[in-house]
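For reference, the structure discussed in these notes is given below.
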Amino acid sequence: MTGEGAAPVGAWGPDHLGPGFQARTLELLPDEEADGAVATLVRHVPAEDPGALPGTPSAPTFAWLYLHGWNDYFFHTHLAREVSRLGGAFYALDLRRYGRSLREGQMLGWVTSLDDYDEEIGQALGVIHAEHGEGIDVVGYGHSTGGLVASLWADRHPGALGSLILASPWLEIQGASPVRLLGQPVLRALARRDPRRPLPTPSFPPEKRFRVTDGWDERDGEPNPAWADDPWVRGWDVNDEWVHWPGAPIWPGWLQAILAGQTRVAAGLDIRCPVLSMGSARSRLGVTWTPDSRSTDTVIDADATAQRAVCLGSLVTVARFDGAVHDLVLSAPPVREQVLGAMRRWMTAYVLR
């Protein structure tokens with residue numbers, strides 16, 4: 001992808017998600033890569049969205065900032081519409097070198113410190129406050145790696161968020177603390193040698209791979225007829241130029257930044273706002289299809305994440321959902337509604353006025 005067709009700088013333009021969604025490019029200071037990195041802010045405009053949910057208010061009472069995960073970007077229109085119906089001004093950030101922000105020649109998702117994202121998060125909040133006033137409450141929402149980024153950011157910026165919601169946040173490496181502690185010296189050695197040389201990963205034949213966004217296939221059996229028109233069966237609309245499949249390269253320099261962030265979480269954070277950490281009830285890690293691939297977290301260790309979540313602050317609610325996949329709001333329709341319902345009830349206590 002090149003900058004051609006990118007969102008305008010300093011103004012809103014149409015987004016590829018269609019009517020009701022707009023995007024703008026956030027220019028960033030050169031980082032160590034000096035490769036023209038930018039970020040992209042997306043917003044939902046319910047008044048222009050033919051798919052807006054009935055009862056969506058015209059005047060928001062809070063704002064919402066979504067941070068995506070690794071090898072990902074914002075495409076969750078159904079979540080934006082749900083938040084808007086609750087009275088939220090919905091915004092999502094495609095971080096540098098991801099999604100709408102990825103430019104030709106860049107290394108997908110490359111950073112050497114998660115603190116680098118402070119710049120685009122700060123700019124995004126600046127836009128939100130300019131449009132809705134300095135006093136508006138902001139709900140931070142982070143999925144997977146975005147949940148780790150959001151947690152560390154909230155810890156360093158007390159008072160900036162009114163509340164924080166995490167969806168399968170990547171707070172601990174698979175295998176938990178022993179793997180993280182034992183692996184760091186090896187990773188440091190690899191990073192010193194060549195931080196950009198991809199780590200070896202196993203390969204699998206295409207027919208064995210699994211991706212929940214692809215929708216139903218014959219391996220899954222017969223879907224519930226009531227779900228025939230749901231993306232759970234049809235497949236979610238994902239731009240394959242922005243999501244590497246079967247997986248993105250894992251660079252030692254980038255993974256070192258992740259482990260450094262997880263080490264900070266393990267030491268205990270002091271997030272001052274209420275936190276809701278949501279995750280699947282079970283994990284079965286892997287990129288190949290199994291009979292329970294559509295009902296478990298196949299990406300991170302859900303148990304380790306739940307245990308780490310209580311280290312985030314003094315007011316943390318942990319919720320787990322049987323049958324949920326890694327990206328909770330892409331789960332089967334009944335599970336998805338359980339997730340959204342739990343989020344709504346929690347927000348009634350801490351967000352909604």
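The values are calculated or read from the model by the stated rules, or taken from the named source; none is laboratory data. Bear in mind that the values here come from a model prediction, so they are computed numbers and not experimental data. Quick note on the areas: whole protein, heavy atoms, side chains included, nothing else; ligands and nucleic acids left out. Shrake-Rupley method; radii C 1.70, N 1.55, O 1.52, S 1.80 Å.
Determine the calculated [θ] at 222 nm for the chain from helices alone, applying -39500 (n - 2.57) to every DSSP H run no shorter than 4 residues and normalising by the residue count; nearest 500 deg cm²/dmol.
Result for the chain: -9000 deg cm²/dmol, rounded to the nearest 500.
Given the Cα-Cα distance of A189 and R345 and 0.36 nm per residue of separation, how much length would full extension add, in nm? Show your work: numbers first, answer last.
On the way: separation 156, 0.36 × 156 = 56.16 nm, distance 4.69 nm.
Between A189 and R345, full extension yields an extra 51.5 nm.
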As a percent rounded to 5, the proportion of antiparallel DSSP bridges among beta bridges in the chain is 35 percent
In whole percents, the bins of 10 Å from zero upward hold the Cα-Cα pairs of region 37-176 as 12, 43, 34, 11, 1
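Out of every Cα-Cα pair in region 61-129, what percent are more than 14 Å apart?
62 percent
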Result for the chain: accessible area per residue, probe 1.4 angstrom, in square angstrom, of 42 Å²
Of all C-alpha pairs within the chain, those more than 33 angstrom apart amount in percent to 24 percent
For the chain the mean separation of alpha carbon contacts under 8 Å (6+ apart) over residue count, i.e. relative contact order in percent, is 16 percent
With T = 37 °C, eta = 0.692 mPa s and Kirkwood Rh from C-alpha pairs, the Stokes-Einstein D of region 210-353 in µm²/s is about 192 µm²/s
Using eta = 1.306 mPa s and T = 10 °C, Stokes-Einstein with Kirkwood Rh from Cα pairs puts D for region 117-271, in µm² s⁻¹, at 84 µm²/s
Share of Cα-Cα pairs in region 15-70 beyond 19 Å, whole percent, is 48 percent
Expected unfolding gain across S203-A47 under the 0.36 nm per residue rule, minus the alpha-carbon gap, is 51.6 nm
With every protein chain kept in place and a 1.4 Å probe, the residues C311, C273 fall, from largest accessible area down, as C311, C273
Sorted by chain and number, the residues with a modelled amide H under 5 Å from that of A167, at a separation of 5 or more or across chains, are G142, H143, S144, M278
Distance in Å, no decimals, from the C-alpha centre of region 225-257 to the one of region 278-308 is 15 Å
Counting only protein heavy atoms with a 1.4 Å probe and every protein chain in place, the carbon and sulfur fraction of the accessible surface of region 258-353 in whole percent equals 53 percent
Of the convex hull drawn through the C-alpha atoms of region 121-172, the volume per residue in Å³ is 68 Å³
